[in-house]
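Structure first, commentary second.
Readers should treat all values here as calculations from the given coordinates under stated rules, not as data from a laboratory. What you see is a predicted model; the values in this text were computed from it and never measured. With ideal geometry, Cβ positions are generated from the backbone for all residues, glycine too; neighbour counts draw on all protein chains shown.
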Amino acid sequence: MYDCQEISTLVLVRLFTFLFRFRKKNSFIRELSHLLGYHPHSLELYETALTHRSQGENTDQNNERLEYLGDAILSALVADYLFKRYPYKGEGYLTEMRSKMVNRQQLNHIALRMGLKKIIRFNRADSSLRTSHIFGNTLEALIGAVYLDIGYKQTESWVMKNIILPHMFVDQLESKEYNFKNKLYGWASRNGSTLEFETIDEKLEGSRRLFTVAALLDGQPLAEGKAFNKKDASQLAAQAAVEKLGLSGTGTDQRIS
C-alpha cells in the first residue's frame, strides 16, 4: 500500500511527465506547421514521415514506405514541370535535368535549407548518419505524407511553392555534376588509368549494415565512402576522390604524381 506522501509524489511525477510530453508535442506541431505552411490534418502521418529507421525498426514506425511514395510523386511533379517549361527540349535533356533535380545530394541540401533537421527523429549519436542522405530521404517521405494528407493537386502546389521554385534552379543545375563516379571514370579514361570500386568493410550499425567502399586508382586506394548501401557509399567515395584530385571545379585534368 502507498502512503499519502508516496501517492502525492506519484501524482506529481505523472503530472510533470504529462506536461513535458504535452509541451514537446505542441512544439513539434508548431515547427511542423511552420514548415508546411498549414496545420496538418493527420499528425501521426507526419510523425512517421519524420522518423528515421534508426528510431523505429518496424515498417509502420519509420519513414521508408513514405519515402518510396514521396520519391515517385516528386519525380512525377518534376517531370511535369520540366515538360511544360521546356517544350522544345528533347527527352535526353529532360531526363538528365530531372535526375539532377531529384538527386539525393541535392535533396539533402534542400532539406537542410528548409530546416528539416530540427524536427527529424533519428539517432543523433550515430556518427555514420552525418554523412548519409537521411535528410533528403526524409524530405521525400514528407512529400509522401503531404500527398496522403491533402491530395495530389494541393501537393503539386506545395512542392512547387516550397521546393521547386525556391530551391531547384535549372540554369545552375545544367552545369552541375552529381554523378561523381561518371566524372571520375571519364578522368581515369582520359589519363590512361584504371578505376575500380571495392567494398573494403561491412559491419552492423544497430540493425543495419554499414558499407565502406574504396575508390582504387591503378590498384591503389584513393578515397573512401561510407553509407548504408553500396551505391551511396561508392558515390561518396567517388565524390571524395574528385575533391582530392581537384576535379570539382572547372574540370581541368590533373595527374597524380
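Some notes on this structure:
- Dipole in debye (nearest 20) - the range 39-173, about Cα centre, beta carbon charges: Lys, Arg +1; Asp, Glu -1: 500 debye
- Spin-label pair Asn26-His167: with each label point 7 Å from Cα along the Cα-Cβ axis, the two points sit 2.9 nm from one another.
- Zone residues, the range 149-183, relative to Ile200, backbone N less than 19 Å from point 7 Å out along Cα-to-Cβ: 181
- Distance between the 7 Å Cα→Cβ label points at Tyr88 and Glu64: 4.7 nm.
- With both labels modelled 7 Å from their Cα along Cα-to-Cβ, the Tyr178 to Lys231 distance reads 1.3 nm.
- Here is the list for the range 142-244: trypsin sites (Lys or Arg not before Pro) lying in DSSP coil, each with at most 12 other C-beta atoms within 10 angstrom of its C-beta, are Lys176.
- Those chymotrypsin sites (Phe, Trp or Tyr not before Pro) in the range 152-190 that DSSP places in a loop and that have at most 13 other beta carbons within 10 Å: Phe169
- Using R0 = 22 Å, the C-beta based FRET efficiency linking Asp218 and Ser99 works out to 0.15.
- Around the amide H of Asn229, modelled in the peptide plane, lie the amide H atoms of Phe211, all under 5 Å away and 5 or more residues distant in sequence or on another chain.
- Estimated FRET transfer efficiency when R0 is 41 angstrom, pair Ser33-Tyr185 (beta carbons, to 0.05): 0.35
- For GluC sites (Glu not before Pro), the sites in the range 35-115 that DSSP calls loop and that have at most 16 other Cβ atoms within 10 Å are Glu57.
- What the pair-distance distribution of the range 167-218 shows, using all Cα-Cα distances binned every 10 Å from zero, is 20, 30, 26, 23, 1 percent.
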